[in-house]
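Here, each number is a calculation from the coordinates, and none is a lab measurement. Given the structure is predicted, the values throughout are model-derived calculations rather than measurements. For neighbour counting, all protein chains shown are included, and Cβ atoms are generated from backbone atoms with ideal geometry for every residue, glycine included.
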Amino acid sequence: MGKLQTLFRNGYDKARGIVKNNMRQYAMLFALITIMIIFQILTDGVLLKPRNVSKLIYQNSYILILAIGMVLLIISGGNIDLSVGSIVAFVSASSALFAVVMGIPPVIAMVLSLIFGVLAGMWQGFWIAYVNIPSFIVTLAGMLVFRGLNNLILNGETVALPELYVKLASGVVPDFIGGPDSNLHLVTIMVGLLLSAIYLFTMLWSRLRKKRNGFEVPRTYVFILKTVAVVAIINLFMYWLALDDGLPNVLILLTVLFGVYSFITIKTVPGRHVYALGGNAKAAALSGIKTKRVLFWIYANMGLLAAIAGIVFAGRLNAAAPTAGKGFELDAIAACFIGGASASGGVGTVMGAIIGAFIMGILNNGMSIMGLSIFWQDIIKGLVLLGAVAFDVYSKSRAKKAT
Amino acid sequence: MSENILEMVNITKTFPGVKALDNVNLNVKNGEIHALVGENGAGKSTLMNVLSGIYPYGDYIGDILLNGEICKFKNIKDSEKLGIVIIHQELALIPYMTIAENIFLGNERARNKVISWEETNRQASKLMQKVGLNDKPDVLIKDIGVGKQQLVEIAKALSKDVKLLILDEPTAALNDDDSDNLLRLLVDLNKNNGITCIIISHKINEIKQISDQITIIRDGSTIETLVKDIDDISENRIIKGMVGRELVDRFPKRESNIGEIAFEVKDWVVYDPLDEDRIRIDNVSFNVRRGEVVGFSGLMGAGRTELAMSIFGKAYGKKISGTIIKDGREVQFHSVSQAIDNGVAYLTEDRKSAGLVLIDDIRRNVSLAGLKKISKNFVVNEHRETEVALEYIKKLNIKCSTMFQKTENLSGGNQQKVVISKWIFAGPDVLLLDEPTRGIDVGAKYEIYSIINQLAAEGKSIIMISSEMPEILGMCDRIYVLNEGKVVGELDKEEASQENIMGCIIRSSNRN
């Protein structure tokens, strides 16, 4: 009896230790799952129906893209970009200008629009990094300027866009295996299996490499448990999508962006420079980091991502409209903070921003399904944002006291 | 009533790990001007902070007696109520408010919480007249010079019915005319208004000129009090009191193996980044040889940090001119990264705010300046990074739980070792070390001295800036003395002594 008790005791302590050490990392994921469960119950199971899962992805894709760019700004020292909503509109308008008014092929129109987005980002980056004007003010000005440019181009009208835009934003990968009549989208299932294989392979390879170099690796059973869980989630998710229309094109885009930006922030020198700049700008500058250049390029990058979001959103709407993208900046910023980024800089992850954006998205979607009035939706979203950051601040101050 | 307006009895004040004041006694007679002198870090400012209630009662040991009565100040307000006013070296004025507003800041002339501007301006004019300030009371602080700002501070003190006025380095930022003016005013206030003054100053000649008694503080203890017309208060006598300490064996031995000139700076001129007419570094030239440790000594504000940072890729200053010669070849550093690429490193004097990314771990801090060396196509090799961190933790004996420990949780000495690791890993030939042992304990200091010696033995050139004279004397092969942005002396190890260095500084100050 005593032995069993100690065993339980040890196990409990260990589990508590693991949770405590990774509190902040897991807290957001935990919050996401909790919110999913709550709304699954409140919506009588509608939330996680295949149809609605696809919808969640389509509906939130552009906010997710914006959040990826925004989190870099926030990591770099609490910078934000208030103009992204307007850039989304500006880019969709310029797309309409190129593709519809000027009749340029859609692919080239898209590329030109992306360049416009980057230029818009560079314009703001120049004022912020090299003229030292606070980002809040520059992007507030940008918010007005780009909204105005959008209206100038569209002349206040709504313009329908070519098919390619719609395909990108709302289309799915064609099912060339199962054919159009299949109940299950087989290509989607295949992609799931392929991803599982890739994941399995890279995990094994990295584990072997670590072992060979004499680094500590997690216990075998932990490794197996984790791998099995991830593979199961990937396949379940893909199966779910396959039950609906299949793998959305925009999800591929999102996955690529997520992968690329996670890699940049975690593994590369420029990524390190962004974190160092936010962690301590003076120390970064005195360590040879060209802080102004870093700041300039993350704003240029924000412009690029806003342009991608703009194209996706225009496709989703099937048109370039004068009011496109209104309020997107706030959703993107909120997503980053809910996802654990710190307003004082140096802390935050692309993964966190994505989770944050999904929390916002599920709140929006779930409350809409429940038929809650839009007023209540805003109030609840605002309180969730405040609560998430308050929790973060509280747990940080607790951690400080503990040391 | 006691003859002494103020008696500070056996004051001891400790900070974590450091005893800043050790049984200090200070007696100030009613109606005198009392000077407080000592080196940087001797404890003068700490003592005055104890007196004015910045360090509240209970935070120190000992007693403060004002007119024979024990005082227990909880904050500055308490001490001000009894007529003790301190004017800090950094003036506490608000630039975008008027002279009158500043004089009555926190002490507004108001009826029912509504400010009476008539009363404010009338009383301000009166006070301004007293201190010889001829401007209008509604002139903004930012539009008058430092000399006049100092007068505003004194007017502000007078508005609080001051009995004991404390001035911390009041003339440090002033030119000669303004200094003379200020000193005359002090004497005048002292004679005619009966205000007792305590003045802290490095300028021995002005102290000699105006003070009735001089108390010398060294290493947190009172050394002696010299009385005018009784004791010898010559410059030499005061300097001896300030620096006359025994040098124990606090520095590891090093065989100097000095080679050819590795790094040379010629005719270096730097202007203040905020005030482009103000020259901060005035035609400084120096050199350092391979394997040599060269010291830069000087008082606070002498321009040592500014000199080092302006060389390090123009990290400080405007309108920089001059030549840098490295290994016989002229080089130009337009940016910090260029300086690093050319083998120069600068260790900042303020490791917390400018040296470390405190929220990052040891590993990331060590690699920060040398990421190029462990990356390929911009991708960081994390295995290599880990190896590097482990190597330096071992080599420099950094005490930590793992290399993933956040640097904010390390002790001062270990934090400094992390910053030094960062710079050694960047692979420089010339290291500019700015106050490398500031705020760390004696044991860690010894370790850092050993690291510096090791670097010199490897043939690197070390430039060491320090406000601690024993450290400069104990570590350096050659010493440049800097004062007010100029090199005012170059001393070899053999001829260098604390008296010599202080002498260089004081002679140059007096010349001005």
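For a paramagnetic label modelled at 7 Å from the Cα of B:E235 toward its Cβ, which residues of region B:293-312 fall within the zone defined by backbone nitrogen distances under 16 Å? It comes to B:299, nothing else.
Springs join every pair of Cα atoms under 10 Å in this Gaussian network model of chain A, and among A:I354, A:I362, A:I338 the largest mean-square fluctuation is at A:I362. Between B:F15 and B:Q454, the modelled label-to-label distance comes to 2.8 nm, taking each label 7 Å out from Cα in the direction of the beta carbon.
Calculate the mean, over all residues of peptide A:263-269, of how many other protein chain Cβ atoms lie within 10 angstrom of the residue's Cβ.
Mean shielding by partner chains, rounded to a whole number: 4.
When chain A is treated as a Gaussian network with alpha carbon springs shorter than 10 Å, the biggest mean-square fluctuation among A:A99, A:A390, A:A300 belongs to A:A390. Report, for chain B, the % of DSSP beta bridges that are antiparallel, rounded to 5. Counting only bridges with both partners in chain B, antiparallel ones make up about 60 percent. Cβ crowding within 10 Å, taken as a proxy for footprinting-reagent exposure, orders B:H383, B:H88, B:H334 from fewest neighbours to most as B:H334, B:H383, B:H88. Put in order of Cβ neighbour count within 10 Å, fewest first, the listed residues B:Y480, A:Y26 become A:Y26, B:Y480. For region B:1-83, GluC sites (Glu not before Pro) are listed when DSSP marks them as loop and at most 14 other Cβ atoms sit within 10 Å of their Cβ; the list is B:E3. How big is the Cα convex hull of region B:415-512 in projection, averaged over all directions, in nm²? The number I arrive at for region B:415-512 is 6.9 nm².
The Cβ shell under 12 Å around B:I195 holds other residues with a net charge of +1, Lys and Arg each +1, Asp and Glu each -1. Rg/Rh, computed from the Cα trace of chain A with Rh as the Kirkwood radius, has the value 0.99.
With charges only on Cβ, +1 for K and R and -1 for D and E, what is the dipole size of region B:250-407 about its Cα centre, in debye, rounded to 20? Magnitude of the dipole: close to 620 debye. Which of these, A:K292, A:K211, A:K326, has the largest mean-square fluctuation under a Gaussian network model of chain A (Cα springs below 10 Å)? Looking only at A:K292, A:K211, A:K326, the largest GNM fluctuation is found for A:K211.
Distance from the C-alpha centroid of region B:140-187 to that of region B:62-99: 16 Å, rounded to the whole angstrom.
With Cα atoms as the point set, the radius of gyration and Dmax of region A:282-358 evaluate to 15.5, 49 Å. Inverting the pair-averaged 1/r between distinct Cα atoms of region A:174-247 gives 13.8 Å as its Kirkwood hydrodynamic radius. Of all beta bridges that DSSP places with both ends in the protein assembly as shown, some 60 percent have antiparallel geometry. Taking all C-alpha pairs of the protein assembly as shown, those more than 46 Å from each other amount to 43 percent. Applying the Karplus relation 6.51 cos²θ - 1.76 cosθ + 1.60 with θ = phi - 60° to region B:265-279 yields 3J(HN,Hα) values of 10, 10, 6, 7, 10, 9, 9, 5, x, 8, 9, 6, 8, 9, 7 Hz, where x marks Gly and Pro. Going by the alpha-carbon gyration tensor, a ≥ b ≥ c the square roots of its eigenvalues, is region B:1-129 rounded (a/c under 1.5) or, if a/c is not under 1.5, prolate (a/b greater than b/c) versus oblate? Since a/c reaches 1.5 and a/b is larger than b/c, the shape of region B:1-129 is classed as prolate. Close amide H partners of B:R218, meaning residues 5 or more places away or on another chain with modelled amide H under 5 Å apart, are B:I223. Can you find, among B:Q209, B:L186, B:N121, the residue sitting farthest towards the positive end of the charge dipole of region B:4-243, where Lys and Arg contribute +1 and Asp and Glu -1 at Cβ? Looking along the dipole axis, the top candidate is B:N121. Segment A:L236..A:K55, full-extension length gain: 63.5 nm, with 0.36 nm per residue of separation and the alpha-carbon distance subtracted. Each part reduced to its alpha carbon centroid, region A:60-88 and region B:393-434 end up 35 Å apart. Annotation: amide H of B:K460 within the under-5 Å range of B:G291, sequence separation 5 or more or interchain, hydrogens built in the peptide plane. In terms of the Cα gyration tensor, with a ≥ b ≥ c the square roots of its eigenvalues, is region A:37-171 rounded because a/c is under 1.5, prolate because a/b exceeds b/c, or oblate? It comes out oblate by the Cα gyration axes. Can you list the residues, at least 5 places off or on another chain, whose amide H is less than 5 Å from the amide H of B:N483, using H built in the peptide plane? The answer is B:V488. Charge tally around A:S170: other residues with Cβ under 10 Å, Lys/Arg +1 each, Asp/Glu -1 each, net +1.
Placing +1 on each Lys and Arg Cβ and -1 on each Asp and Glu Cβ, with no other charges, gives the protein assembly as shown a dipole about its Cα centre of roughly 3360 debye. For region B:4-243, the relative contact order comes to 27 percent (Cα pairs under 8 Å, sequence separation of at least 6). When only alpha carbons are used to place a centre, region A:299-361 and region B:194-264 end up 61 Å from one another. Between A:K167 and B:N30, the simple label model (points 7 Å from Cα in the Cβ direction) yields a spacing of 9.9 nm. Only helices enter this figure: runs of n ≥ 4 DSSP H residues, each worth -39500 (n - 2.57), summed and divided by the residues of the protein assembly as shown, yield -16500 deg cm²/dmol at 222 nm to the nearest 500.
In order along region B:371-376, the phi-based Karplus estimate (6.51 cos²θ - 1.76 cosθ + 1.60, θ = phi - 60°) of 3J(HN,Hα) comes to 4, 4, 6, 10, 10, 9 Hz; Gly and Pro are listed as x.
Note on region A:174-247: dipole from Cβ charges, positive end direction compared against A:V187, A:W240, A:P218; the farthest Cα belongs to A:P218. Radius of gyration (Cα atoms) of region A:317-363, expressed as a multiple of 2.2 N^0.38 Å: 1.35. Counting Cα-Cα pairs of region B:261-511 in 10 Å increments starting at 0 gives whole-percent bin shares of 7, 31, 36, 20, 5, 1. Taking the DSSP beta bridges with both ends in region B:261-511, the antiparallel portion is around 60 percent. Across all directions, the average projected area of the convex hull around the alpha carbons of chain B is 26.8 nm².
An ellipsoid equivalent to region B:4-243, defined through the eigenvalues of its Cα gyration tensor, has semi-axes of 30, 21, 16 Å when rounded to whole angstrom and sorted largest first. The value of relative contact order for chain B, using C-alpha pairs under 8 Å at least six residues apart, is 14 percent. Give, as a single signed number, the net charge of other residues whose beta carbon lies under 14 Å from the beta carbon of A:I57, with Lys and Arg counted +1 and Asp and Glu -1. Result for the neighbourhood of A:I57: +2. 3J(HN,Hα) couplings calculated from phi for region B:351-364 with the Karplus curve 6.51 cos²θ - 1.76 cosθ + 1.60 (θ = phi - 60°) are, in sequence order, 5, 6, 8, 9, x, 10, 8, 4, 7, 9, 7, 4, 4, 5 Hz; Gly and Pro show x. Among the residues of B:368-376, the average count of other protein chain beta-carbon atoms within 10 Å of the residue beta-carbon is 4.
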